[in-house]
Structure formats: C-alpha cells, structure tokens
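Sharing a structure here in structure tokens format.
The values are calculated or read from the model by the stated rules, or taken from the named source; none is laboratory data. Because the structure is predicted, anything quoted here is derived from the model rather than measured. So basically every Cβ, Gly included, is an ideal-geometry build from the backbone, and we count neighbours across all protein chains shown. Side chains included, ligands, DNA and RNA excluded: accessible areas come from the protein's heavy atoms. Shrake-Rupley method; radii C 1.70, N 1.55, O 1.52, S 1.80 Å.
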Amino acid sequence: MSTLHNTTNTSQSAIVQYYDYLFVELADPRTNDWWLIGNPLPGIFIMVSYLLFVLKIGPNYMKNRKPYEMKNILIVYNFIQVIVSMWLFQEALDGAWLRRYSWKCQPVDFSYSPEAMRVARGCYIYFIAKLTELLDTVFFVLRKKDNQITFLHMYHHTVMPLISWGCTKYYPGGHGTFIGFINSFVHIIMYSYYLLAALGPEFQKYLWWKKYITTLQLSQFCIAFLHSFQLLFYDCDYPRWTMYFILPNAIFFYYLFSDFYRKAYIEQQTQMKLALKKE
C-alpha cells in the first residue's frame, strides 16, 4: 500500500514539476503575471465556452427565435475594433518595425527597457484583441447568420488567440510579431467595412470593395510566409521551431481564404454571366 502511495506521490510531483517547467520556467517573467497569461486554464475555459456556445448552446437557443437586430451594438463593437487595430498598427510601427526592428532578422529583447516593455505590452493587447474578436461569431449566432460561420471562420478565430497567447507568454517581441503587425493593418480595413455595413442600407454603395479585403488577407499570408521563411537562412536568435508551426498555418490559411474567394466571387460571377446569357 505504501509503495502505491509513494508511486502516486512521485507521479503527482513529476506532473507539478513539468507544469512549473512548461508554464513558469520557460515563460517570460515580464509577462507571466499578466491577466490570463500565467495560468492556461482561464484561457482554455474561454475557448471551450466559445466553441460550446457557437456549435451547440447558441444554435439551440436561437432555434425558435427571431434573429436579433443588434445594429447599435455592432456599430460600437466594430468602431472599437477599428480603433484598437489602428493603435496596434501604430504601436508596431513606432515601437518596432519602422524604427528599431530588422525586417530580415530580429531577436526578442527580454530586458525591462521601456522599448522592450512597449513591444511586450503590444503583444499582450493584441492577444486581448483576439479574444474580443470571438464576439464576431457570437453575433453571427445571435443574428442567425449561419452561412458566415464557416470552417475558415471557426479555425481562424480559434487558432489566433492560442498563437497570440503563446507569443505573449514566451516570446513577446522579435521576429514573430511581424504577423501581428500586418494583421492589425488588415483588420483596420476589415472592421471599417463591417462598421459601414452595420450603419445601414444607405451605406451599401460604399461597400463595393469587399472582395479586395479577401485579396488583402491572401497577401498577408504570403508576406508572413516569406518573412518567417527567412529563419531558415539566418540565425536570428529567435526559435527556429516556430517556423514549422507558422509556415503550415500560413499555407493552410491561404488555401482556405483562396477557396472562399473562388466560391464567393469567381464562381458567383461565372454563374451570373451564364444566367444573363440564358435570358
């Protein structure tokens, strides 16, 4: 009995040691005490709750209900997302990529200097922004916009909070922040479009540029791929293993967005031309 007890204690001790190693020792001490960063469980709870609501609870709740209008909420929400994205883009430019960072090869500055802490704070705000963007899907559910809740949408909104959490916890700065930099620019354009769309039918004439947002998104994945690919050739004092995670995701995102572009615009235009010819 005592042998079994000792074995159990040893196993528990090993688990605790591994947990401390993974989530404390490897973490950046500058950011590890920040809200939702140190302990992974609250973040996991948020993501599991999100998936449960979107895939099960929300659709069941809305099954026999009319769609919510939510016009004012959407206007405020999209306006805030535009402002946050503009702030993140400006911070990334002024605090890193326009002034101090090398576009070819950039290590993480783990010091407590004002410049390094500014970049770390930007990574953290970017992570928080990815969590708030989960409301995109929640609003789709409440408005019964089920056609908008595609695999692409769900994959994107699930993966990005996880990536940005890992970046903030372990490597808040350096080469990997380039993705957040260009993504923030894309989101300025994207949420500006959503803001105009939420304002009402009278603004529909200003929304002719929707398909160019997808083109911009495709461009960002190509740029992110090429930028991350540089780690193969340069010793940037930035973990090279991240490339084996970023590059497949960039390719996968590109495939999903290009498939969406083809179905939403190219095939749709072809069908419209065929219909006109028949008339």
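So what are the ³J(HN,Hα) numbers for the range 164-181, from phi and the Karplus equation (6.51, -1.76, 1.60; θ = phi - 60°), rounded to whole Hz, Gly and Pro as x?
5, 5, x, 4, 5, 6, 10, 9, x, x, x, 3, x, 6, 4, 4, x, 4
Would you mind calculating the gained length between Asn39 and Leu98 on full extension (0.36 nm times residue separation, minus the Cα-Cα distance), in nm to one decimal?
17.9 nm
Would you work out the relative contact order for the chain, in percent, from Cα pairs under 8 angstrom that are 6 or more residues apart?
23 percent
Hey, any idea what % of the range 39-168's accessible area is carbon plus sulfur with a 1.4 Å probe?
Using a 1.4 Å probe with all protein chains present, the range 39-168 comes out at 68 percent carbon and sulfur.
Under a point spin-label approximation (7 Å from Cα along Cα-to-Cβ), what is the Lys263-Tyr155 distance to one decimal in nm?
My value for the distance between the label points is 1.1 nm.
How big is the charge dipole of the chain about its Cα centre, in debye rounded to the nearest 20, if each Lys and Arg gets +1 on its Cβ and each Asp and Glu gets -1 on its Cβ?
With Lys and Arg at +1 and Asp and Glu at -1, about 1300 debye.
Another question, if that's okay. Just order 103-110, 61-68 by mean Cβ neighbour count inside 10 Å, highest at the front, would you?
Those peptides, ordered most packed to least, come out 103-110, 61-68.
Cysteines of the chain lacking any other cysteine beta carbon under 4.7 Å?
Cys123, Cys167, Cys222 - these cysteines have no disulfide-compatible partner (Cβ-Cβ under 4.7 Å) in the chain.
Ok, one more. Please list, in order, the residues from the range 152-194 whose amide nitrogen is less than 16 Å from a point placed 7 Å along the Cα→Cβ vector of Tyr212.
186-194
Quick one: dipole size for the range 84-164, taken about the Cα centre, charges +1 on Lys/Arg Cβ and -1 on Asp/Glu Cβ, in debye to the nearest 20.
Using Cβ point charges on Lys, Arg, Asp and Glu, the range 84-164 gives about 80 debye.
Among the listed pairs Lys130/Lys169; Lys104/Lys169; Lys56/Lys210; Lys66/Lys145; Lys66/Lys210; Lys71/Lys145, which have their C-alpha atoms separated by more than 20 angstrom in this model?
Lys104/Lys169; Lys56/Lys210; Lys66/Lys210
What is the range 99-157 by shape, rounded, prolate or oblate, if you read a ≥ b ≥ c off the alpha carbon gyration tensor as root eigenvalues and call it rounded for a/c under 1.5, prolate for a/b larger than b/c, and oblate otherwise?
In terms of gyration-tensor shape, prolate.
Okay, helix-only estimate at 222 nm for the chain: each DSSP H run of n ≥ 4 adds -39500 (n - 2.57), divide by all residues, round to 500 deg cm²/dmol; what do you get?
Rounded to the nearest 500, it is -21500 deg cm²/dmol.
Just to verify a number: what accessible area does His157 come out at with the full protein assembly present, 1.4 Å probe, Å² rounded to tens?
Spelled out: His157, probe radius 1.4 Å, area about 20 Å².
With unit charges on the beta carbons (Lys and Arg positive, Asp and Glu negative) and the dipole taken about the Cα centre of the chain, which residue among Trp87, Val76, Pro40 sits farthest to the positive side?
Of the options given, the answer is Val76.
Choose one of Pro248, Tyr265, Tyr19: the residue whose Cα lies farthest towards the positive end of the charge dipole of the chain (beta-carbon charges +1 Lys, Arg; -1 Asp, Glu; about the Cα centre).
Tyr265
Moving to a separate point now. Select from Asn183, Asn249, Asn78 the residue whose mean-square fluctuation is largest in a Gaussian network model of the chain (Cα-Cα springs shorter than 10 Å).
Comparing Asn183, Asn249, Asn78 in a Gaussian network model of the chain, the most mobile one is Asn249.
What does the charge dipole of the range 108-244 about its Cα centre add up to, to the nearest 20 debye, if the Cβ of each Lys and Arg holds +1 and the Cβ of each Asp and Glu holds -1?
Once rounded to the nearest 20, the dipole reads 440 debye.
So which residue, out of Tyr234, Tyr124, Tyr265, gets the largest mean-square fluctuation from a GNM of the chain using Cα contacts under 10 Å as springs?
Fluctuation is largest for Tyr265.
In what sequence, largest accessible area first, do His175, His153 appear using a 1.4 Å probe?
His153, His175
Taking only protein heavy atoms and a 1.4 Å probe, what accessible area per residue, in Å², does the chain have with all protein chains in place?
Using a 1.4 Å probe on heavy atoms only, each residue of the chain averages 59 Å².
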